[in-house]
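Q: This is the structure I have questions about; it appears just below.
The values are calculated or read from the model by the stated rules, or taken from the named source; none is laboratory data. A quick note: this is a predicted structure, and the numbers were derived from the prediction, not measured. Heavy atoms of the whole protein, side chains included, go into the accessibility calculation; ligands, DNA and RNA do not. Shrake-Rupley method; radii C 1.70, N 1.55, O 1.52, S 1.80 Å.
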Amino acid sequence: MPSLRRLLIGLMLPALILAAFAVSSVAAGGNAGKADICHNAGGHKWVEINVSVNALPAHFGHGDVEPDEYGDCP
């Protein structure tokens, strides 16, 4: 049972974080269904891009991150 609990937490926690990020982005007056993220362009270079909230899991899955509390990329 403990491993099942860890699996559920491991799957649900990232999903909840992504959902909260998507909702906060839309509520902040952003484009409907879009979010700004920091795209890892390689070589310690980050580029801010605007993507569909449906694409967030894929972007976060390959290393992109959300901007910091000031809206800046690393």
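Q: For Ala32, indicate whether it is among the small types (Gly, Ala, Ser), at pLDDT 65 or above and open to solvent by 70 Å² or more (accessible area, probe 1.4 Å).
A: On the way: among the small types (Gly, Ala, Ser): yes; at pLDDT 65 or above: yes; open to solvent by 70 Å² or more (accessible area, probe 1.4 Å): yes.
Taking the combined requirement at face value, the residue satisfies it.
Here is a yes/no grid of residues against (1) among the small types (Gly, Ala, Ser); (2) open to solvent by 40 Å² or more (accessible area, probe 1.4 Å):
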position	(1), (2)
Ile37	no, no
Asn40	no, yes
Gly43	yes, yes
Ile49	no, yes
Ala58	yes, yes
Gly61	yes, yes
Asp64	no, no
Glu69	no, yes
Asp72	no, yes
